[in-house]
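Written out below as structure tokens is the structure these notes cover.
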Amino acid sequence: MAKKTLSKVEHGLSGTITVPGDKSISHRAIMLGALANGKTTVRGFLPGEDCLSTISCFRQLGVDIHQEGSYVEIHGNGAEHLREPKAVLDVGNSGTTIRLLSGILAGLGFYACIQGDSSIAKRPMKRIVDPLRLMGANIDGRQGGNFTPLTITGGNLHSIDYELPVASAQVKSAILLASLFAEGTTTVMEPERTRDHTERMLNAFGVNVNQTGKKVSMKGKQTLTATTIEVPGDISSAAFFLVAGTISAQSRLTIQHVGMNPTRTGIIDVLIHMGATLSCKNKSEDSIEPYADIQVDASSLHGVEIGGDIIPILIDEIPIIVLAATQAEGTTIIKDAAELKVKETNRIDIVAQELNKMGAHIIPTEDGMIVHGKTKLKGATVNSHGDHRIGMMLAIASTIAEGKTVIESSEAINVSYPDFFETLQGLQ
């Protein structure tokens, strides 16, 4: 278990940085490239542990993939050339990999077993298993398929009309990927709109996807054609530095080439609502995913209420938003975010627990948190609990906390941002 000791930054953070490629887009580029005919080139790929798990799984399925840093070539021969794996497919810590890959395996005419680490073993799988079974896949697992490992025998799928019980881009994507192999047209209805990277990327590979409001439909048996994917910087990774620049006195940061997909920019809306001085420049809509440079300055924040439709488009950013709320005048209320309980950790309880060790005043609730600000943070020994986003949030907290902060299990950050500490050090 790695430990990282950090100290308060006395004179603010300044500089211009880029952040690693978007994790969600990187996963999908590998998966669709593996299903396509021809050579797919990916630039800006995130070489973090989660995305490398996706590459490993598809190599086991017989796909020729060459990866060097952030550059990847996928030599696809179509889904019909994927082969039955000789061993268990291991997704590591990646919830995206296990859920989206399960959708693909549901359409393939062979047997596969898929599992992950101890965190994945706790995460609910019934939400994907139920619709995939409705489509005709034979799936089993612990507690009737609610937990990993999952065994999947796919093939002979048919289309369904499915209303998601919870807003989840991973579940939506698993169904859409399975529908590539199904007869007829599959329709998914979302309770709230979630990130649409799968729909955008399917279009890029030549698949016709129809989206109207919260309804997505797609005809099965379409062919994917290889393409080139440029992956922008991950806004979920940029979020840590956006908040760092906001709460650390005398700071000014610019983060270049950040993905600005409108289903992911809730963090920007919330920070501006809280009073952050933040602007987006050099915007581009020329690629599959829009991007821009974001500049942020030290700001005086105030408490807000966060809930409703915005929660699905900033669910991964809530840990760092809570840190911002500890430095805002007044009370911030986060609600409608019960999904936080089934992430890499129970992020409601763990975020409150670890920041309260540093002097914050956070009360966890059934579906969110009540954060009383403004509080002075002090250095403490804290723990990521194996959750990369909590580890990075605690590192940003250390920049304003008096004294030294020791982060236990700091290696969890490698899942999505292997160079995080080097980037943070370069801004001081």
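The values are calculated or read from the model by the stated rules, or taken from the named source; none is laboratory data. Computed from a predicted model, the values in this text were never measured in an experiment. All Cβ positions, glycine included, derive from the backbone under ideal geometry; neighbour counts span all protein chains shown.
Among the residues making up the stretch 25-69, a single one is part of a strand (DSSP E or B), under 22 Å from Ala238 (Cβ atoms) and β-branched (Val, Ile, Thr): Val42. Pairing residues of the stretch 92-103 that are closer than 12 Å to Ile55 by Cα with residues that are aromatic (Phe, Trp, Tyr), at Cβ distances under 9 Å and at least 6 apart in sequence or on separate chains, gives Leu101/Phe58. If only residues of the stretch 28-57 that are closer than 30 Å to Val382 by Cα and of a type outside the set (S, T, N, Q) are counted, the one that is surrounded by the most Cβ atoms within 10 Å (Cβ to Cβ) is Cys51. A single entry from Ile294, Ile310, Ile318 fulfils the requirement of being touching a Leu at 6+ places or on another chain (Cβ under 7 Å) and part of a helix (DSSP H, G or I): Ile318.
Of all the listed residues (Ile268, Ile272, Ile255), the sole one being touching a Ser or Thr at 6+ places or on another chain (Cβ under 8 Å), under 27 Å from Ala169 (Cα atoms) and among the hydrophobic types (A, V, I, L, M, F, W, C) is Ile255. What is the residue count in the stretch 71-111 for residues that are within 15 Å of Ser179 (Cα to Cα) and aromatic (Phe, Trp, Tyr)? Residues meeting the conditions: 0.
Scanning the stretch 266-288 for residues that are assigned to a loop (DSSP other than H, G, I, E, B), crowded, with 18+ Cβ neighbours inside 10 Å and at pLDDT 95 or above gives a single hit, Ala276.
Yes/no per residue for (1) buried (at least 22 other Cβ atoms within 10 Å of the Cβ); (2) more than 16 Å from Asn356 (Cβ to Cβ):
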residue	(1), (2)
Gly368	yes, no
Gly373	no, no
Leu377	yes, no
Ala380	no, no
Gly386	no, yes
Ile390	yes, no
Met393	yes, no
Ser398	yes, no
Gly403	no, yes
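Scanning the stretch 364-405 for residues that are aliphatic (A, V, I, L, M), under 21 Å from Ser237 (Cα atoms) and either at pLDDT below 95 or in a strand (DSSP E or B) (or both) yields a count of 1. Listed by position, the strands (runs of 3 or more DSSP E) enclosed by the stretch 131-200 that each have at least 2 residues that are in contact with a helix residue (DSSP H, G or I) (Cβ under 9 Å, 6 or more places away or on another chain) and farther than 25 Å from Asp234 by Cβ are 138-141, 147-153, 185-189. For Pro124, the conditions (1) in a strand (DSSP E or B); (2) within 29 Å of Ala412 (Cβ to Cβ); (3) touching a residue at least 40 places away in the same chain (Cβ under 8 Å) all hold with the exception of (1).
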